[in-house]
Amino acid sequence: MELVERLKKKFEVIGFKKQRKDLFIVETTKKDLIPMLFYLKEYEGFRTLTLISYVDWIEEGKFQLSYILWNSRTKDNIIVEFRLDREKPDFETIYRMWPQAEAYEREIHEMFGVNFEGNPTQHEELILEDWDDIPPMRRDFDTLKYSMERFGERESKSGINIRKEISEQYDEWRRK
Amino acid sequence: MSKEEVRLFIGPQHPGITGNMSIELLLKGDTITWAKTHIGYLHRAFEKLMERRIFIKSFPLVCRICVPEPDTNEENFARGLEELAGIEIPERAKWIRTLVLELSRLQMLIMWYGGIAGSMGLSTPVQWGIGDRDYILDLFEELTGARIYHIYIMPGGVRKDLPDGFEEKVLRAMDMIEKKLPEYDEIIMENAVVQKRLKGLAKIPKGWVEEMGITGPVARACGFPFDVRKDSPYEAYDQLDFDVITEEGCDVWSMLLVRRREIDLSIKLIRQIIDKMPKGEFLTRLPNVLYWKIPSGETYVKSESTRGEFGYYMVTDGSDKPRRVHVKGPSFIHGITLAERLLVGQNIADVAPILVALQICPPEMER
C-alpha cells in the first residue's frame, strides 16, 4: 500500500503531492499534525527531523508551518504542513520527539511570532536583540518604515539623501 | 551557578571560534559544566530580502550565506528554481556544476585541514592551507572572474563555458595539491600530540545521529553512511564512481580522518569529471529573467556541503518573487543542539578543536 493510503486511513489528509521521486508533500490539519509526525517517526521510518519552516499567507489570513522529515532507509523526504490562524498563532512544541526542534521553534517564535506551548526556551532571544516591533519575518512588517522611524534621515557628506533617493527609485520601479 | 563555577564567554572575537558567534560556558576548574550558543552577530536578513527581489536578483545574496563555500548555495537555489519552473538543463551544464562544486569542496577541505591544526596551536599548516587553497581560487578566477563569490551557476545552466585549456590547468593544480598532502600528513596526522589530544575526544553517542539530524562528515565519523551525493544524487553525481567514506570512532579524530580521506576523494572525483565531461550546450534559453514568473509550488532541494546536508525550502506563489526561501544550513543543528550537549564535560582547551571539527559556520545559522 502506498504511503498516502496508509496516512489517509489514520489521519485527515487535505492534500498530497509527489513533488519528486524522493519528496512527498502532505497537508493536514492542526489537530492531526503531531499524531502524524509521531506515526511517521515510529512506524514509517522517518526518524530524522530536517527542518521546521514557516510561510506567511497574509491574503488568506493564515500561517503555514512545514515539518520536513527524512527516512534514512528509503532516503525519502516528506514535508508535512498545516495552516493555522494568523490572528491566534498558538501551537504545541515537538521538542520531546526531536531535540533540535527546540532551536527551530525558538527561531520561529522570534521571527514569526508563533507560540509553541511547552517549549522551555522559546522566549529567549536567538538572533534579535531588544526587539519591540511585530516579528520581522511577517509579510506585513515594513522594513523601510521601521528603519526610518528608528534611525531617521541621515545626510551624506555630499548632501544627497541616498536613502530617500533609493526608496523613491524603488517605488518608481515597483509602480512600473 | 554555584560559587565554585566561573562564567566565561568564548567569542565573538576569539581565535578558537569558527566565526562571529559566541559560546557561553560555565566552568568548574578546567571542566565545562554547561554551554550555550549565542548567535545574532551576523544577521543580514537574506531570507527577508529574497522575498522582495525578483528571482535572478537573489543570486548575489545566496552566495554570501556561507562565505568559504558559496557554490553549494548557488547550485541549490538554481536547482530549486529549475524544479519549480520545470526547466531541464543541458548535460554539460550538469557536469560543469559538479566540477565547480567539487573544486569548492576541495578548497574548503584544504583550508579546514590547516584549520584543525591551528585550533591546537600548530600554526604552520594554517598558512599552508590558505596558500594551497589559492591554487583553486586561481582556477575559479579564470573560470568565473571572481575568487570567492562566483555567481557562476544560474538557472538553466552556468554563465559561461569552460575556457580553453582549463581542464589541463585543473589537472595540474590537482597534481600540485596531491604532492603537498604528505607534508600535511606528516605534521598533523603523525604528530603524537595531535593523536593524543584528538583520539577519544568528544565522543558522540550513536543514538544522537538520526534523532538529532546530524549529517555530513560528523555523521560519517559515527559510522552512518549519510551522503546526499549518494543518497539522492543531484547534477552528475549519479554517473560518478565513488564510495561513501565512514569511520567508526565517533570522536574528533574520526572526523579528521573522514575529512582527510574526503580530500583524496574530491581529487579523484575531479579527475573523473574532467575525464567524462561531455561536449555541448552549457545554458538553456530562459524567459526574460527580469519578468520571469514561476508557477506556484513548493519544494525542498538539498546537496552535500563539506559541513553536512545543505537544503533550500522554497515556496512560490505564481508571482515574480519567491513567497518564502528557507535556508537549512547543517550548522544550525551542529552549532546549537549538538555543540551545547557535546561540550559539557570537556576540557576548556578542547573547545576550539571540537568547534572546528563540527565545522560550524555562523552565517548559515542566522541567514
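Values in this text are rule-based calculations from the coordinates and carry no lab data. Given the structure is predicted, the values throughout are model-derived calculations rather than measurements. All Cβ positions, glycine included, derive from the backbone under ideal geometry; neighbour counts span all protein chains shown.
Checked against (1) over 30 Å from residue B:349 (Cβ atoms); (2) surrounded by fewer than 18 Cβ atoms within 10 Å (Cβ to Cβ); (3) not charged (D, E, K, R), residue B:170 passes all but a single condition, namely (2). Selection of the range A:57-76 for residues being among the hydrophobic types (A, V, I, L, M, F, W, C) and crowded, with 16+ Cβ neighbours inside 10 Å yields A:57, A:63, A:65, A:68, A:69, A:70. For the range B:305-315, the candidate set comprises residues that are in contact with a Ser or Thr (Cβ under 7 Å, 6 or more places away or on another chain) and assigned to a loop (DSSP other than H, G, I, E, B); within that set, the residue that is nearest to the other protein chains (Cβ to nearest Cβ) is B:308. All of B:89, B:65, B:23, B:96 fail the test of being of a type in the set (Val, Ile, Thr), buried (at least 18 other Cβ atoms within 10 Å of the Cβ), assigned to a strand (DSSP E or B) and in contact with a strand residue (DSSP E or B) (Cβ under 9 Å, 6 or more places away or on another chain), apart from B:23. Against the definition (part of a helix (DSSP H, G or I) and touching a Cys at 6+ places or on another chain (Cβ under 6 Å)), how does residue B:218 come out, yes or no? Against the criterion (part of a helix (DSSP H, G or I) and touching a Cys at 6+ places or on another chain (Cβ under 6 Å)), residue B:218 does not qualify. Any residue at all in the range B:267-284 that's within 11 Å of chain A (Cβ to nearest Cβ), touching a strand residue (DSSP E or B) at 6+ places or on another chain (Cβ under 8 Å) and either acidic (Asp, Glu) or not in a loop (DSSP other than H, G, I, E, B) (or both)? No; the residues of the range B:267-284 include none that is within 11 Å of chain A (Cβ to nearest Cβ), touching a strand residue (DSSP E or B) at 6+ places or on another chain (Cβ under 8 Å) and either acidic (Asp, Glu) or not in a loop (DSSP other than H, G, I, E, B) (or both).
Comparison of B:293, B:328, B:302 shows that the only residue that is within 11 Å of chain A (Cβ to nearest Cβ) and without any contact (Cβ under 8 Å) to a residue 40 or more places away in the chain is B:328.
Among residues of the range A:81-97 that are on the phi > 0 side of the Ramachandran plot, none has a beta-carbon under 7 Å from a residue that is crowded, with 16+ Cβ neighbours inside 10 Å and in a loop (DSSP other than H, G, I, E, B) at least six positions away or on a different chain. Among the residues making up the range B:26-35, those that are buried (at least 16 other Cβ atoms within 10 Å of the Cβ) and either within 14 Å of another protein chain (Cβ to nearest Cβ) or free of Cβ contacts under 8 Å to residues at least 60 places away in the same chain (or both) are B:26, B:35.
On inspection, residue B:318 does not qualify as surrounded by fewer than 18 Cβ atoms within 10 Å (Cβ to Cβ), touching a residue at least 12 places away in the same chain (Cβ under 8 Å), on the phi > 0 side of the Ramachandran plot and more than 13 Å from chain A (Cβ to nearest Cβ). When residue B:204 is tested against (1) closer than 20 Å to residue B:100 by Cβ; (2) crowded, with 20+ Cβ neighbours inside 10 Å, just one condition goes unmet, and that condition is (1). Taking the range B:176-222 as the region of interest, how many residues are within 13 Å of another protein chain (Cβ to nearest Cβ) and within 20 Å of the chain's Cα centre (by Cα)? Qualifying residue count, the range B:176-222: 10.
Taking the residues in the range B:36-60 that are aliphatic (A, V, I, L, M) and surrounded by fewer than 20 Cβ atoms within 10 Å (Cβ to Cβ) as candidates, determine which candidate is farthest from residue B:152 (Cα to Cα). The qualifying residue farthest from residue B:152 (Cα to Cα) is B:42.
Of all residues in the range B:204-221, one or more are over 23 Å from residue A:68 (Cβ atoms), touching a Leu at 6+ places or on another chain (Cβ under 8 Å) and not aromatic (Phe, Trp, Tyr).
On the stretch given as the range B:1-47, residues that are closer than 19 Å to residue A:127 by Cα and touching a Ser or Thr at 6+ places or on another chain (Cβ under 7 Å) total 7.
Scanning the range B:227-238 for residues that are in contact (Cβ under 8 Å) with a residue 24 or more places away in the chain and not β-branched (Val, Ile, Thr) yields a total of 7.
Within the range B:48-62, being assigned to a helix (DSSP H, G or I) and within 14 Å of chain A (Cβ to nearest Cβ) holds for B:48, B:49, B:50, B:57.
Residues that are assigned to a strand (DSSP E or B) and of a type in the set (D, E, K, R): does the range A:1-10 have at least one? Within the range A:1-10, none of the residues are assigned to a strand (DSSP E or B) and of a type in the set (D, E, K, R).
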